[in-house]
Amino acid sequence: CGVPAGQKVLTPFLIPNCIKKYKKCFKIFFQRIFSCEGCVFHEPSRKLPQIRMDMWKSEKIKEKINFVEELANYLKIHFDIQSTIRKVNVYNIRKDNIITRPMRIYILGESVKKFQKEIGFEGEKQIKLNKIMGLSFGRH
């Protein structure tokens, strides 16, 4: 699928060029990653939900920001979807004493509508997004 097998927390990687180059390939790649690792989060005080994903990496892996930046850049290039990247001020100490920290990518506001229409999730997350957005079934 374009992501290495094994402990991704300890492995630096970027999006393969063959995926970045083609809109359809990137769509499938992004949809799969966000269907597995992302979430739909809705606060009743906000009109639209937010879509977000945390990418946890060892503090020693410098490339963690590059992968998340590539996701954001190619969302913009292929779908004109705006996203925001933030370093989250939390950490985890694994059983092997390796410290990991997340980078979070958010899709907010009108870009959530574009995400829903152009990319979407697989399975239950799409149903949840459609329900929050006022759609009863399917991707529109």
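The values are calculated or read from the model by the stated rules, or taken from the named source; none is laboratory data. Only a predicted model underlies this, so the values are computations on that prediction, with no experimental measurement involved. All Cβ positions, even for glycine, are placed from backbone atoms using ideal geometry, and neighbour counts span all protein chains on display. Surface areas here come from the heavy atoms of the whole protein model, side chains and all, with no ligands, DNA or RNA. Shrake-Rupley method; radii C 1.70, N 1.55, O 1.52, S 1.80 Å.
Observations
- GNM flexibility winner over the chain from 74, 106, 22 (Cα, springs under 10 Å): 22
- Computed extension gain for residue 80 through residue 114, at 0.36 nm per residue and net of the alpha carbon distance, reaches 11.4 nm.
- Only Lys, Arg (+1) and Asp, Glu (-1) charged, at Cβ; the range 22-140 dipole about Cα centre in debye: 60 debye
- J(HN,Hα) series, the range 43-60, from Karplus relation 6.51 cos²θ - 1.76 cosθ + 1.60, nearest Hz, glycine and proline x: 9, x, 6, 9, 5, 10, x, 10, 10, 8, 8, 9, 10, 8, 9, 4, 4, 7
- Apolar share of the accessible surface for the chain: 54 percent from carbon plus sulfur atoms, 1.4 Å probe.
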